[in-house]
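This report refers to the structure that appears directly beneath it.
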Amino acid sequence: MRPATPELLTMLTELIATPSVSCTAAHWDQSNLAVIEKLEQWLSGLGFHTEIMPLPGHPEKANLIATLGSGPGGLVLAGHTDTVPFNAERWSSDPFKLTEKNNRFYGLGTCDMKGFFPIAIEAARKFVDQTLQHPLIILATADEESSMNGARALAEAGRPKARYAVIGEPTSLRPIYMHKGIMMEQVKIKGTAGHSSDPALGASALEAMHSVLGQLISFRQELQRDYQNSDFKVSVPTLNLGCIHGGDNPNRICGACELEFDLRPLPGMSADLLREAISQRLQPLENQFGVSISTSPLFPEVRPFSNDKHSELVRSAEKLTGYQAEAVAFGTEAPFMQDLGMDTIVMGPGSIDQAHQPDEYLAFDQIKPTVAVLEQLIARYCF
């Protein structure tokens, strides 16, 4: 016999205490299985049918599909189990210990977004002894903060199937119907090292990179001139020059240099066409500086997400929360849920302003309203 599913505060405490960092840097990256196993235990204890799906090629990572009831249609409440890396020395408390202070719960993942799971389970608890006409699915994914391989695996498998999906990212309980895409790209320049006393002895990758930076900044200006969407607070596509590494000594001509940048396209913009335009700009610099230049994605892009602003789910969420649907700049797993044929929104407790920050927190006053809204969505779409 399985133990009883704990109360919301106990679940939140245990999830925060269970590390599950995902990162493109191997020394940070961790398994999420301990979080998945806790959620599986709690949800199966309530009567959900649960399935743990290891990610292909990554047995230490998994998704969880937990289903209550059966039938056509239904509602997915989705969240990711991983967190970003952290700087413990910048925290005022232990990131892995739930700390109550100033009417807030502090801890890594409280708002982004482990805190959503206890809230979703609390909302579901009300319906476990009732007969649902359409299934309620609680979905927990892996690696949203890095590769989004969890959501990609689900989309490739064609699961789960439902009619509506709410992704509980921190939006201060405001429904989000549109967001920008995410492209994280790399430029590698290979030059020729040599003694700095004679520039003819080498070909400087750093000097070539100076022109690469200028081309990217010029490209950004053109994109922001040609593409705007006033529904976004930042109405233009953004291009951030994130990090650069090159050279090894002042008296050596730099033989190699690398740049990583982030591009956030608006809905309707193509990642393939953007990459092609960047390559065409950079290719002439090879002959100019006597270097080789290669570009590649750090991981597959996340497409921009755009739902019908007047869809059934958008209108229901607006009515229940009292907020008009909005557009945001940050990316989510929404495009993958949409690929599965679901009317999808992003809406959850906590503020994105606290995400990825030291002293991340979830305010007390976000919890009960979120439970209430999710209960009403379950009642609407599962009966």
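Search the structure for amide H atoms under 5 Å from the amide H of VAL21, placed 1.01 Å from N in the peptide plane, and list their residues when 5 or more places away or on another chain.
Under 5 Å from the amide H of VAL21 lie the amide H atoms of GLN30, THR83, each far enough along the sequence or on another chain.
Among bridges DSSP assigns within the chain, what percent are antiparallel (round to 5)? Intermediate values should be presented prior to the final figure.
Values: 47 of 65 bridges.
Within the chain, antiparallel bridges account for around 70 percent of the total.
Suppose accessible area is computed on protein heavy atoms with a 1.4 Å probe; arrange THR171, THR10 from highest to lowest.
Details: THR171 15, THR10 60 Å².
If we order THR171, THR10 from most to least accessible, we get THR10, THR171.
Under the rule a/c < 1.5 gives rounded, and otherwise a/b versus b/c splits prolate from oblate, where does the range 152-285 land using the Cα gyration tensor? All intermediate terms of the calculation are to be shown ahead of the outcome.
On the way: a/c = 2.90, a/b = 2.25, b/c = 1.29.
Prolate, because a/c is 1.5 or more and a/b exceeds b/c.
At 1.4 Å probe size, with every protein chain present, just tell me what the per residue accessible area of the chain comes to in Å².
That works out to 44 Å² for each residue.
If a/c stays under 1.5 just call it rounded; otherwise compare a/b with b/c (prolate if a/b is bigger, oblate if not). Do that for the range 78-153, with a ≥ b ≥ c from the square roots of the Cα gyration tensor eigenvalues.
Oblate is the answer for the range 78-153, as a/c is 1.5 or above yet b/c matches or exceeds a/b.
Going by average Cβ density within 10 Å per residue, which order do the peptides 176-182, 35-41 take, highest to lowest?
176-182, 35-41
Can you show me the helix-derived [θ] at 222 nm for the chain, built from DSSP H runs with n ≥ 4 at -39,500 (n - 2.57) apiece and divided by the number of residues, rounded to the nearest 500.
Here the helix-only value at 222 nm equals -9000 deg cm²/dmol.
May I ask you to order 218-229, 21-32 by the average number of other C-beta atoms within 10 Å around their residues, highest value first?
Working: 218-229: 14.1, 21-32: 15.9.
Packing order, densest peptide first, comes out as 21-32, 218-229.
Summarise the accessible area of the range 184-330 (1.4 Å probe, protein heavy atoms) by the percent that is carbon and sulfur. Numbers along the way, then the final one.
On the way: 3920 of 8070 Å².
Here carbon and sulfur together make up 49 percent of the probe-accessible area.
Compute a Gaussian network model of the chain, connecting alpha carbons closer than 10 Å, and tell me which residue from ALA325, ALA205, ALA277 fluctuates the most.
ALA277
The values are calculated or read from the model by the stated rules, or taken from the named source; none is laboratory data. Bear in mind the structure is a predicted one, so any value in this text is a computation, not a measurement. Please note: Cβ atoms are built from the backbone with ideal geometry, for glycine as well, and neighbour counts cover all protein chains shown. The accessibility values were calculated without ligands, DNA or RNA, using every heavy atom of the protein model including side chains. Shrake-Rupley method; radii C 1.70, N 1.55, O 1.52, S 1.80 Å.
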